[in-house]
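A quick write-up on the structure given underneath.
The values are calculated or read from the model by the stated rules, or taken from the named source; none is laboratory data. Predicted, not measured: the structure shown is a model, and the values here were computed from it. Because the Cβ atoms are built from the backbone with ideal geometry, glycine has one as well, and the counts that use them run over all protein chains shown. For the accessible areas, the whole protein counts, side chains as well, though only heavy atoms, and no ligand, DNA or RNA atoms are used. Shrake-Rupley method; radii C 1.70, N 1.55, O 1.52, S 1.80 Å.
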Amino acid sequence: MDQIRDDQSQRPKKLRYKIGDLLKTIGLAKATYHDERKRIARSHDKYEEAKAQILKIAQRFRLRGRWTAGYRRIQMELDRIGLHLAGDTIRKLMRELNVQVSLYNRHRNGKYSSYHGTVGKIADNRLKQNFNEKRPYHVIHTDVTQVRLANHQWAYISAMIDEASQEILAFQISISPNKKLIIKP
């Protein structure tokens, strides 16, 4: 809008576009336009002091070129100096200042991964994805299922199933999903 008005300033007043016509063309309300112009003219950052303090605190906790202070530590330090802000506000300001913790922050850098490649021995694929065995006790499957108990703990059930009859031959219950759970008779 301002660019168009600036371009039109050299023309005679009768040949210039009217503000109302321009706003109607772009579909913007007059009040919104004038409010935005006032906001741009005042452009006061109410978090200017907070940003300076956050940057100072974050610099203090910088280690080997990395930001190590999270929003909780920064919030605690800000509270000590008497500047009380909500956690969401601190996170927003830290994002604007680009002083977020990069170590193990999977949402920002994705550097941490627990994947260690192929570990252990991969068994031969003898069934070749053909699960239609008709002879009993020839193909036996095992499956481990995780179940939440009434006391909010997890239990693991390992069942051995015959492919031909779909019958459960044996099962074990344990509180940890380990190799012993599957192998134990």
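General observations
- Failed condition for I26, given (1) closer than 30 Å to M1 by Cβ; (2) free of Cβ contacts under 8 Å to residues at least 12 places away in the same chain; (3) loosely packed, with under 11 Cβ neighbours inside 10 Å: (2)
- When restricted to residues that are surrounded by 15 or more Cβ atoms within 10 Å (Cβ to Cβ), polar (S, T, N, Q) and under 30 Å from the mean Cα position of the chain (by Cα), the range 121-177 contains 0.
- Of all residues in the range 73-104, those being assigned to a loop (DSSP other than H, G, I, E, B), within 20 Å of the chain's Cα centre (by Cα) and not aromatic (F, W, Y) number 7.
- Of all residues in the range 84-120, those satisfying the criterion of being closer than 30 Å to R60 by Cα, at pLDDT 80 or above and open to solvent by 100 Å² or more (accessible area, probe 1.4 Å) are H84, D88, R95, E96, N98.
- From the options A31, A52, A41, A58, residue that is small (G, A, S), part of a helix (DSSP H, G or I) and open to solvent by 80 Å² or more (accessible area, probe 1.4 Å): A41
- Residue within the range 5-16 that is in contact with a Lys or Arg (Cβ under 9 Å, 6 or more places away or on another chain), open to solvent by 80 Å² or more (accessible area, probe 1.4 Å) and part of a loop (DSSP other than H, G, I, E, B) present: yes
- Hits in the range 123-151 (condition: out of contact with any Ser or Thr (no Cβ under 7 Å at 6 or more places or on another chain), polar (S, T, N, Q) and within 30 Å of I175 (Cβ to Cβ)): T145, Q146, N151
- Matching residues in the range 1-14 - criterion: being modelled with pLDDT under 80 and either among the basic types (K, R) or in contact with a helix residue (DSSP H, G or I) (Cβ under 9 Å, 6 or more places away or on another chain) (or both): M1, D2, I4, R5, Q8
- Candidates L63, L85 - the one that is without any contact (Cβ under 8 Å) to a residue 60 or more places away in the chain and either farther than 17 Å from N98 by Cβ or hydroxyl-bearing (S, T, Y) (or both): L85
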